[in-house]
Amino acid sequence: MNVPEEVQFGVLTVVVILVLFYGITFVISTRIGKKEENADGYMTAGNNIGFGISAASMTATWIWASSMYASATSGYTYGISGPIHYGLWGALMILFIYPFGRRIRAVAPKAHTLAEVMYARHGRSSQVMLAGSNVVGSVISLMSNFIAGGALISLLSPFSFFQGVIAVAGGVLLYTLWSGFRASVLTDFVQVVAMLGAVVIIVPAIFFAADFPAAFETGAANLTPQQGNFFSSDAFLNQGAPYIAAVLAYAIGNQTIAQRLFAVREDLIKKTFVTATFGYGAMVIGVGMLGVLALYLGIEPAGGDVNNLVPQMAATYLTPALLVLFFVMIIGALSSTADSDLAALSSIVMTDGYGQTVGKENANPKTMLLIGRITMIVATAAAVAFASLQLSILDLLVFVGALWGALVFPVIASFYWDRVTNRAFTISVVAALAVFLPVRFSLVPLDGAVGIVVDVLAVIGVGVVIGLMTFGFFGARVGRIAGGVAALAAAPFAIGTLHEYTTLSASLVAYSVSTIVCTAITMRNRERFDFALIKQRVGDFDDSPDDEPVAAGAR
């Protein structure tokens, strides 16, 4: 099959696009800047963001360039069901956040981070675990977005990968540094509108230029039987199931999501997350189909790097004008998540690193702001350094999500079960990580009795995941029944074979071990916690007025 030559931009064209894009976002951020910045506004925008901006920000944050690249990688690797397994489950996880989100906001309406709430609920060790995992996760997320930007710019221009990383990192830092979270959510609105428009035009244009649907008929021979099967077990066990576990962990443990939960007006939580569910699913599945198309066309990723697949398809099949639109779409996608990571990291260090250490009453808002801005600069530098390693984005996303799986049950239980203690939280997370890491990296042989034990724990993990999802919407009784039925249904098929899928089994083991240990220790405790204490212990650091223009968004 004849494949067109790839189109590239000149140096001047790329510079002009980047300057215009980041220049406009910088101007937007300066319009909401304040001479006397408010520390709480810098982190949560006054807890009063309207529906239009909050829904757009949630969508833009969840839709990052990495998710587009990873969805296409899934399509290229697993065939026609790959993007569905990536995009559908990711979208549903946004939906599953809101019932837990309403409980979290009811308990801690003025919180800045989940780790801050854990400190008020339990103490320092649980706070450090949640904050530390988010620092690691956000730096990895930041790095993966810079990788996506570097791959895009190096493929579409004479600039090198590292030069592309520097350009994107500098642009994002430029407009986020001054106004923090408020700059992130306001620019998200502009970026998601641009991304939606671009996807509607670009994906059909590439399919048309690649001679769809004839390409799917002539290229079917390039697929294995599993890749051509919409109900592929290979796709589900290697992509779908691990991603279900990973994204549930992202939804509960990720500070970028929690920050928007704390910022949106409380009565708009459900409306915001339901809207973001549909926006994410449509966009990510659509872009992921480019990977399926590349598979049918027999295209090899440039340099053997699957991160290059999406920009490579665009450079091959789009006209120069549409390629500019594609370039802006990807830059907008990665920037919307990168600025969220910077805002999340600054909030964690401001609140959990400084504010809770000196005490809410003794915290100096000006010092907090300085710490937040320094954090953004340091995090950007670290992510740029790590981006030079050019690791697989898909592997990074699944790994971090699985790692957070150790925290999901202890965190959720801490908001509902008044008997959970700091000891139960801490020991359960440490135990889950102690089992997760050897399984995930095959540090011990997973054959014989060890493999059976891993399979049994993984089956329990299936029950935990399904039970937690059901519990959020229908309560504890239905959640326990659904979890038990799911575990029993999975057992005959999973025990004896599931350990062969290390990514999936490791994720499920993290869920099961943390749940078993946390429950066992908690059942021995007879003391009850008064959840009203959290509202007393968690609140604003800065008493200065904060007139938030972001809150005036569409309601």
Karplus-derived 3J(HN,Hα) from phi for segment 123-130 (6.51 cos²θ - 1.76 cosθ + 1.60, θ = phi - 60°), whole Hz, x at Gly and Pro, runs x, 5, 5, 5, 4, 4, 4, 5
Just to confirm a number: summing +1 for Lys and Arg and -1 for Asp and Glu over residues other than Phe96 whose beta-carbon lies under 14 angstrom from that of Phe96, what do you get?
+3
In Å², what does the accessible area per residue of the chain work out to with a 1.4 Å probe?
36 Å²
Determine ³J(HN,Hα), in whole Hz, for all residues of segment 522-534 in sequence, where each value follows from phi through the Karplus function 6.51 cos²θ - 1.76 cosθ + 1.60 and θ = phi - 60°; x replaces Gly and Pro.
5, 4, 7, 8, 10, 6, 10, 9, 8, 5, 5, 5, 4
Distance between Cα centroids, segment 265-328 to segment 70-99: provide it in whole Å.
12 Å
Would you work out what percent of the accessible area of segment 77-148, with all protein chains in place, is carbon or sulfur (probe 1.4 Å)?
72 percent
Which Cα, out of Gln356, Val292, Leu309, lies furthest along the positive dipole direction of segment 272-398 (beta carbon charges, K/R +1, D/E -1)?
Gln356
For a 24 Å ceiling on Cα separation, which of these pairs sit above it: Lys271/Lys360; Lys360/Lys535; Lys110/Lys366?
Lys271/Lys360
Ranked packing of 492-500, 506-514, 457-465, 99-107, most packed first, by mean Cβ within 10 Å
506-514, 457-465, 99-107, 492-500
What is the packing order of peptides 430-436, 364-370, taking the mean over residues of other C-beta atoms within 10 Å and listing the highest first?
430-436, 364-370
How would you rank 518-525, 320-327, 253-260, 145-152, highest first, on the average number of other Cβ atoms within 10 Å across their residues?
145-152, 253-260, 320-327, 518-525
Under the definition of Cα pairs under 8 Å and six or more residues apart, what whole-number percent is the relative contact order of the chain?
29 percent
Sorted by chain and then number, the residues having a modelled amide H within less than 5 Å of the amide H of Ile49, at least 5 places away or on another chain, are Val264, Arg265
Residue-wise HN-Hα coupling along segment 313-326, computed from phi with Karplus coefficients 6.51, -1.76, 1.60 (Hz; x: Gly, Pro):
4, 5, 5, 7, 10, 9, 6, x, 5, 5, 5, 4, 4, 4
Cα gyration tensor category, rounded, prolate or oblate, for segment 411-544 with a/c compared to 1.5:
prolate
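The values are calculated or read from the model by the stated rules, or taken from the named source; none is laboratory data. In this text the structure is predicted, and so the values were computed from the model without any measurement. Please note: Cβ atoms are built from the backbone with ideal geometry, for glycine as well, and neighbour counts cover all protein chains shown. We work out accessible area using only protein heavy atoms, side chains counted, and drop any ligands, DNA or RNA first. Shrake-Rupley method; radii C 1.70, N 1.55, O 1.52, S 1.80 Å.
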